[in-house]
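The values are calculated or read from the model by the stated rules, or taken from the named source; none is laboratory data. Being a predicted model, the structure only gives us computed values, none of them experimental. For neighbour counting, all protein chains shown are included, and Cβ atoms are generated from backbone atoms with ideal geometry for every residue, glycine included. Accessible surface areas use protein heavy atoms only, side chains included; no ligands, DNA or RNA. Shrake-Rupley method; radii C 1.70, N 1.55, O 1.52, S 1.80 Å.
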Amino acid sequence: MAKRKLTRRQSWRIQKIQDERAARASKKDAAIEQQLDSSDLGPEQHGLIISHFGRTVDVEAKEGDNQGEIIRCHMRTNLGQLVTGDRVIWREGKDTGVVVAKLERKSELLRPNPYGDMKPVAANIDFIVITVAVEPTPYANLIDRYLVAAELSGIEPVILLNKTDLLNNDNRVEIDAMLQRYRDIGYTVLLASSSSEEGLADLKSYLDNRISVFVGQSGVGKSSLINVLLPGVDLKVGSLSTQTKKGRHTTTTARLFHFPDGGDLIDSPGIREFGLWHIEPDDVINGFKELQPLAGSCRFRDCKHEKEPGCALKSAVEDGTISEYRWKSYKHILSSIEEQNS
Ligand code: GDP
Ligand code: ZN
């Protein structure tokens, strides 16, 4: 957006609004610090951020008499940004509690804000469950795109095929072959049907003791799966596409849910879109976990893996060590990103 010149009156108004905002913020900080100094607060205890609303968070007590209770908390201002999934130290107050420390994060799920800066939206996630379905037809290239994003985030991806009730003699062979290629690379592939409930027991035990997010194209059955895994929460089936149409930067806050059989889910419309935003061309290779280790063995350090002699990747494709499909997919993702950038 081009910067326009402000009139003196407009500048004055903006300054006034900013001053008022700053005054309110520092009053709030002073109130929090005062609350911390007073003896009204309980002892320090461990908690888990369940949800985040601007200046307050919902913290679940992880120890003591109130274990499992959810308490609205303010937070000390020097903590940096807190997100759903953060483990914290907090103290109970009269109406609201106060978060006094943030524990180190095991992982961060980042997404760009409207200004293009990568910001954490959730913390401590163990699995990115890339959900595909028998219908709509799963495309390897889209799975690869999600895998790249997951690998770059450093969080373990798992591929889940939903709607196995729709497998038949026409589609089974192709889908099996595609999934086998991911198993061969070392990815976990799970099968389930949220309608026939086939495979759900295995899925539940896989998710136990872990924090997961479900990502994937609209229509693959994420809401349906989450509804059977989380009875009583009732995420609207088929509603997501209408929500996301409102804009790419859906800000609905991420929320953490406990599966009744163990394990947690963090979900928000924004998180479900994970993987489809910008990736730097040079990073693509690092998202292909069987290609990345070979890239250093090319004859030329700056090998583009195109026509150069002594390219380790190309010879691995020729001798069959690397799947032709994945190689084409790598090339395809790279050129689509380069096209976007040009
Ligand atoms: P989302 O967009 O990924 O959240 O997908 P939804 O949960 O809204 O599901 C999309 C459509 O697929 C709905 O019409 C569901 O009823 C249907 N669906 C979901 N899971 C299954 C399944 O296991 N089998 C079949 N046959 N249909 C399913
Ligand atoms: Zn090369």
Given the Cα atoms of the chain, and with Rh set as the inverse mean 1/r over their pairs in the Kirkwood sense, what is Rg to Rh to two decimals? 1.04
Using a 1.4 Å probe, how large is the accessible area of Arg21, given in Å² and rounded to the nearest 10? 140
Accessible surface of Ser205 in the full protein assembly, 1.4 angstrom probe, to the nearest 10 Å²? 80
For the residue pair His332 and Asp65, what label-to-label distance in nm results when each label sits 7 Å from Cα along the Cα-to-beta-carbon direction? 6.1
With T = 20 °C, eta = 1.002 mPa s and Kirkwood Rh from C-alpha pairs, the Stokes-Einstein D of segment 98-234 in µm²/s is about 133
Listed pairs Lys27/Lys102; Lys27/Lys222; Lys94/Lys222; Lys204/Lys328; Lys62/Lys289; Lys16/Lys119 exceeding 32 Å between Cα atoms: Lys27/Lys222; Lys94/Lys222; Lys204/Lys328; Lys62/Lys289
Calculate, for segment 38-112, the solvent-accessible area per residue in square angstrom, rolling a 1.4 angstrom probe over the heavy atoms of the protein chains. 49
Note on the chain: contact order normalised by length, alpha-carbon pairs under 8 Å, 6 or more apart, percent, works out to 13
Determine, at each q value in 0.18, 0.22, 0.25, 0.31 (inverse angstroms), the log₁₀ of I(q)/I(0) that the Debye formula gives when each Cα of segment 296-342 is one equal point scatterer. -0.60, -0.82, -0.95, -1.09
Counting only other residues whose beta carbon sits under 15 Å from that of Val134, what net charge do I get with K and R as +1, D and E as -1? -3
Quick check: from the Cα gyration tensor, does segment 38-160 come out rounded (a/c under 1.5), prolate or oblate? prolate
What do you get for the angle between helix 324-341 and the principal long axis of the chain? Use alpha-carbon atoms, 0 to 90 degrees, nearest ten. 50
Using a 1.4 Å probe, how large is the accessible area of Ile17, given in Å² and rounded to the nearest 10? 70
³J(HN,Hα) computed for each position of segment 296-311 - Karplus, 6.51 cos²θ - 1.76 cosθ + 1.60, integer Hz, glycine/proline x: x, 9, 5, 4, 9, 4, 9, 4, 8, 6, 10, 10, 5, x, x, 7
Rounded to the nearest 0.05, what FRET efficiency do Glu197 and Arg172 have when you use their Cβ-Cβ distance and R0 = 25 Å? 0.80
Scan the chain and report its longest stretch carrying no GluC sites (Glu not before Pro) that are both in a DSSP loop and have at most 10 other Cβ atoms within 10 Å. 105-305
